[in-house]
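For reference, the structure is listed below as structure tokens.
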Amino acid sequence: MLWDSLLPVLLLLNVMTTRVPHELPVAVALTAALAVPLLWRRRAPLAVFGAVAAAALVQWLTDVQLPADVALLVALYTVAAHTGRRGALVAGAVVEAGVLLACLRWAPEGAFLTPFVAVTAMAVAAAVLGVNTRTTRAYLAALVERAARLEREQEQQARLAVAEERTRIAREMHDIVTHNLSVMVALTDAAVYAQHRSPDRATAAMLQISETGRQALTDMRRSLGILRTDEPDAQRHPLPGIAQLEALADQMCAAGLPTRLDVHGGHAHVPATAQLTVYRVVQEALTNTLKHAPTGTRATVRIHCSTGALTVDVTDDGPCPPPPGTAPSGHGIPGMRERSAAYGGTLRAGPLPGGGWEVHTRLLLDSSGAASA
């Protein structure tokens, strides 16, 4: 309001200091009618333009020329800057009609074209400037909205990344803790059973328990150490992969589950994350067999590596399949499915027709599988 009041004040001061006394009342009244509505031009641009245009018509009818006619250009600019294209066109047509009437009455004899073109150019300039202002304002508003949307998307992606990382850590901790505790429980039972009959075997079992516990601590430090770049243990112990499956099979044999491992094809080209997936799937499958299968069960792990895919089969020869309609509970099988889905694979886990249990998955190593991972 303070800025918009500057032009009306200047116009009123101009007419009060330049007009002769007998013309002053009419000139001041018309100047006020032309300039004072500009105080509200930002709030109601169309209404202000209509008021200024009506005052200009009265001025034309009374045959009084005033510098306050510039208020029409200011009102036209405001309409173009704050309303749509239709409002700007209507206001421009009204101003152009006023320019034509003014030039017909007040232009010097024989010099109609020059003032008409000059005043028309000023009106067009005011309208174009207003349209450009409105376009710039809309563009800046779009930029602000886009920046806010990008910020919201980044926050959402950050939350999704945090949730995904939590899920990954929980899955890793589940696999590590479940497997190693199951092995330690089995070895402890064996040590208790053999402590009187075969002290040497009991001692070997206790040493194996100690080694399994240390391995569990190492795996946990390694998995959590990935979150910290200054964690040296994550660098000393790489992520387990297909090469470590033989040690896993030996560990299961020591825990009382004879395990045979068959690896077909080279796995040097398999990414480290895919090898970790294979290791965790095999580890979870063997752990489930160790926990649920009866004594004397044997397990077989078959890994087939090719250029674009990697197949994993874990079977056991347990004598009795689970009763019909029962499904295993817990997070083991869902975790294996999530790991397989990361590489475009579908995990199948269920009883075999002749007894025993099978876990089968096929990981895709081509571009589609890598994109999914």
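The values are calculated or read from the model by the stated rules, or taken from the named source; none is laboratory data. As the structure is a computational prediction, the values presented were derived from the model and not from experiment. As a convention, Cβ positions derive from the backbone with ideal geometry for all residues, glycine included, and neighbour counts pool all protein chains shown. These accessible areas exclude ligands, DNA and RNA; they are computed on the full protein's heavy atoms, side chains included. Shrake-Rupley method; radii C 1.70, N 1.55, O 1.52, S 1.80 Å.
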Just to verify a result, which residue in the range 277-297, among those that are over 17 Å from L310 (Cα atoms) and assigned to a helix (DSSP H, G or I), is nearest to the chain's Cα centre (by Cα)?
E284
Confirm whether E145 is assigned to a helix (DSSP H, G or I), surrounded by fewer than 15 Cβ atoms within 10 Å (Cβ to Cβ) and either polar (S, T, N, Q) or out of contact with any Asp or Glu (no Cβ under 6 Å at 6 or more places or on another chain) (or both).
yes
Single residue of the range 219-250 satisfying the filter (at pLDDT 85 or above and open to solvent by less than 50 Å² (accessible area, probe 1.4 Å)) that is farthest from the chain's Cα centre (by Cα):
A249
